[in-house]
Amino acid sequence: MLGRGIRGAAALVGAGALLALAGCASTSAAAVDIAAPLGAGKTVVFGAHAPLTGPLGPQWKRITGATRAWFDYVNSRGGVNGRTLEYRVRDDRADPAVAKTAVAKLVTQDSVFAMLGSAGSATHGAVAGYLADKKVPDLFIGSGDRRWNDVETAPMRFGFAPDTTIEAKVLATTLDRQYNGQTEVNGRIVSTQYCAVVEKGVRGDEIMSGLRQVLGKNVVAEQRFSVTDTDLTAQVAALRAAGCQVNVVGGADVQTAAAITAARASGYEAKWATPSLGGGITTIADALPSSYGEYVNGLLTTTALPVSNDDPWVKLFAEVNAQFGDGRPVDSDVIYGMSVGYAATEAVSEAGDPLSRKSLAAALEDGRVNGNGLLPLAYSTLSHAPYQGVGVVVAQDGAQSILGRQVMLGSATGPKVVAYVGAPVPLAREGLPKG
């Protein structure tokens, strides 16, 4: 077993109950039976909802496709304790109502053993209560919303994307250090004006909270967009008018591309940064006009996962993606998807034989699942929050690397972040379960 690493000290209790899933069919007999222990040789079916079509489709197809590719790799090497892993993803079109229908089908028709890697704060907020009521493990949610960390009311729910506020604080701290409060504009040194254009709703609120805790009054402008918006011309024009030199985009890859495109088209030269799940440089570059591809250079983003091409995990993921995935160069989206798959594989392995939903949750809470991060997963009986810190990543010439090779820890309150002094989780056994 890999080292236990750091563990959360207290649960972050969500404010208010999540929405219950209305209008869904009752759980089928097959779905009830799947909660019983699974013997060796059985297929473990994981399910997810994600926007596979629409503006967010290219990114989430890459992420969920990478998770499926990891399972294919593990299955090709014998599976986990004699079991094969299957991944069924239903399209939610980034619509909470559609997510409800998708999850009801996954539970009642597909008889999923657990949910895995579902996307979105609003969409998952519409179904999380239903999954908790049905006692379906709700693993590794693709959103840094701290509502997911509610051990008392949802003991089988575990987040995976880092806490959005912590990400924003680490990003803001790095930006402040990078520019030392000053920026050169037209040959003159002026006080840095930080701004943000973020999605509406909880995620945008948490990004702004983290930025303001660190940068205070130097955050001089804020713009918002809807989760599926692909034209940010008006918002970027407002940032330019406010004199912003360093801008944080808080959305998905498509919004990062939209902001860069709007800036480039208007001749607005600013520095750009984004929290994780907005920094997949392959998807961003695909969405840019071809002449703007170089504008991705210098983009800063955050991650709790390895991204450098010389990292052993990234090398392995590249090999897996070449054989079982889309065959394109890996970026933070593919790494994220495969990391979700790896953590799920590790959890199934550590849960033992016979496998049950209870033993799966116990393996996570007991600290037996470390993941493959720059720091270990921090699950415990008191907290189901995943990572307590992130590194800041810089993009250059189609590759990404950790800035200064430093990872910083933080909390949701107070401006201070501190350096993480531990080691990243090492690659062992070619990423395969112990046996």
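The values are calculated or read from the model by the stated rules, or taken from the named source; none is laboratory data. This structure is a prediction, so every number in the text was calculated from the model and none was measured. Glycine also receives a Cβ, built like all others from the backbone with ideal geometry; neighbour counts cover every protein chain displayed.
Quick look at the numbers
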| item | result |
| --- | --- |
| Filtered residue count, the range 149-179, keeping only those that are touching a Lys or Arg at 6+ places or on another chain (Cβ under 7 Å), crowded, with 24+ Cβ neighbours inside 10 Å and either at pLDDT 95 or above or of a type in the set (S, T, Y) (or both) | 1 |
| In the range 220-238, residue nearest to A259 (Cα to Cα) [restricted to those that are assigned to a loop (DSSP other than H, G, I, E, B) and of a type in the set (A, V, I, L, M)] | L232 |
| Test result for T274, β-branched (V, I, T) and under 15 Å from G57 (Cα atoms) | no |
| Neighbours by Cβ (under 9 Å, 6+ apart or cross-chain): first from the range 248-275, more than 17 Å from T164 (Cα to Cα); second of a type in the set (D, E) and at pLDDT below 95 | A257/D286; A263/E269 |
| Test: residue in the range 288-299 that is buried (at least 24 other Cβ atoms within 10 Å of the Cβ) and outside any strand (DSSP E or B) | no |
| The range 90-106, subset in contact with a Ser or Thr (Cβ under 6 Å, 6 or more places away or on another chain) and either aromatic (F, W, Y) or assigned to a helix (DSSP H, G or I) (or both), residue farthest from L355 (Cα to Cα) | P96 |
| Out of S356, S332, sole residue that is crowded, with 24+ Cβ neighbours inside 10 Å, on the phi < 0 side of the Ramachandran plot and hydroxyl-bearing (S, T, Y) | S332 |
| Every residue from the range 229-257 that is within 20 Å of the chain's Cα centre (by Cα) and at pLDDT below 95 | none |
| Yes/no for G404 being outside the structural domain of S276 (by TED's automatic domain parsing) and part of a loop (DSSP other than H, G, I, E, B) | no |
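Yes/no matrix, rows are residues, columns are (1) among the aliphatic types (A, V, I, L, M); (2) surrounded by fewer than 20 Cβ atoms within 10 Å (Cβ to Cβ); (3) within 20 Å of G431 (Cβ to Cβ):
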position	(1), (2), (3)
L360	yes, no, yes
A378	yes, no, no
V390	yes, no, no
Q396	no, yes, no
L403	yes, yes, no
Q406	no, yes, no
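Let's see how each residue does on (1) touching a residue at least 40 places away in the same chain (Cβ under 8 Å); (2) touching an Asp or Glu at 6+ places or on another chain (Cβ under 9 Å):
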{"position": "A94", "(1), (2)": "yes, no"}
{"position": "A97", "(1), (2)": "no, no"}
{"position": "D110", "(1), (2)": "yes, no"}
{"position": "V127", "(1), (2)": "yes, yes"}
{"position": "L139", "(1), (2)": "yes, no"}
{"position": "G142", "(1), (2)": "yes, no"}
{"position": "A168", "(1), (2)": "yes, yes"}
{"position": "R177", "(1), (2)": "no, no"}
